[in-house]
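The values are calculated or read from the model by the stated rules, or taken from the named source; none is laboratory data. Values in this document were obtained by computation on a predicted structure and should not be read as measured data. Neighbour counts run over all protein chains shown; Cβ positions are idealised from the backbone, glycine included.
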Amino acid sequence: MHPQLALALEPVLRDLRATGGPLPRVVPSDWPGDGGVAGAMLWHSDGSGSGISVVLDRPAAEQVAHVTDVVHDWVVEELWGTAPTNWPPCPGHPESHPLEVRRSGDAVEWVCPADGTAVRRVGDLG
Ligand SMILES: [Zn+2]
């Protein structure tokens with residue numbers, strides 16, 4: 001896998017491991033076939049896959065925010081129908097909604113979508 005994509009994926013995969021969330025099988029891919037982009041496929045347990053990529057040489061925080069968002073969508077789809085889909089649960093509203101990803105400058109954080117509270121940095125959920 002391209003090192004920039006691996007680096008960008010690391011924080012959200014760490015959060016999934018730390019919280020017992022589902023882990024995608026990540027397979028490097030030529031998709032989307034553009035020299036300025038590094039891509040991979042995220043495979044679901046049911047055999048379907050979705051693409052993930054980073055635009056090379058963009059700021060690390062931008063890459064992390066983007067791939068965390070894509071992995072987050074993957075997690076919700078993976079859990080759909082078998083488990084509650086609110087990963088990661090919002091500590092203030094655990095029954096209502098998951099946290100969502102927000103980038104502010106160099107920081108990429110999990111925030112409450114209702115009140116905007118930053119809960120943890122992505123990669124620090126453990
Ligand atoms: Zn909340």
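Take ASP69 and tell me if it is of a type in the set (Asp, Glu), away from the ligand (no atom under 16 Å from the Cβ), out of contact with any Leu (no Cβ under 9 Å at 6 or more places or on another chain) and not in a loop (DSSP other than H, G, I, E, B). It is true that ASP69 is of a type in the set (Asp, Glu), away from the ligand (no atom under 16 Å from the Cβ), out of contact with any Leu (no Cβ under 9 Å at 6 or more places or on another chain) and not in a loop (DSSP other than H, G, I, E, B).
In the stretch 77-90, of all residues being touching a residue at least 12 places away in the same chain (Cβ under 8 Å) and within 16 Å of the ligand (Cβ to nearest atom), the one that is surrounded by the fewest Cβ atoms within 10 Å (Cβ to Cβ) corresponds to THR85. Please verify whether the stretch 91-114 includes one or more residues that are among the β-branched types (Val, Ile, Thr) and away from the ligand (no atom under 16 Å from the Cβ). Among the residues of the stretch 91-114, at least one is among the β-branched types (Val, Ile, Thr) and away from the ligand (no atom under 16 Å from the Cβ), which makes the answer yes. Residues in the stretch 9-45 that are without any contact (Cβ under 8 Å) to a residue 24 or more places away in the chain, more than 13 Å from VAL75 (Cα to Cα) and either basic (Lys, Arg) or surrounded by fewer than 14 Cβ atoms within 10 Å (Cβ to Cβ) (or both): VAL27, ASP30, PRO32, GLY33, ASP34, GLY35, GLY36.
Which of the residues that make up the stretch 33-90 are within 22 Å of ARG102 (Cα to Cα) and aromatic (Phe, Trp, Tyr)? Result: TRP74, TRP87. Please enumerate the residues belonging to the stretch 91-125 that are more than 18 Å from the chain's Cα centre (by Cα) and polar (S, T, N, Q). Matches in the stretch 91-125: SER96, THR117.
Among the aliphatic types (A, V, I, L, M), within 13 Å of the ligand (Cβ to nearest atom), closer than 15 Å to LEU16 by Cα and touching a Lys or Arg at 6+ places or on another chain (Cβ under 9 Å): is that true of LEU125 in this structure? Against the criterion (among the aliphatic types (A, V, I, L, M), within 13 Å of the ligand (Cβ to nearest atom), closer than 15 Å to LEU16 by Cα and touching a Lys or Arg at 6+ places or on another chain (Cβ under 9 Å)), LEU125 does not qualify. Return yes or no: is VAL75 at pLDDT 95 or above, of a type in the set (Val, Ile, Thr) and either in a helix (DSSP H, G or I) or touching a Gly at 6+ places or on another chain (Cβ under 7 Å) (or both)? For VAL75, the condition - at pLDDT 95 or above, of a type in the set (Val, Ile, Thr) and either in a helix (DSSP H, G or I) or touching a Gly at 6+ places or on another chain (Cβ under 7 Å) (or both) - is met.
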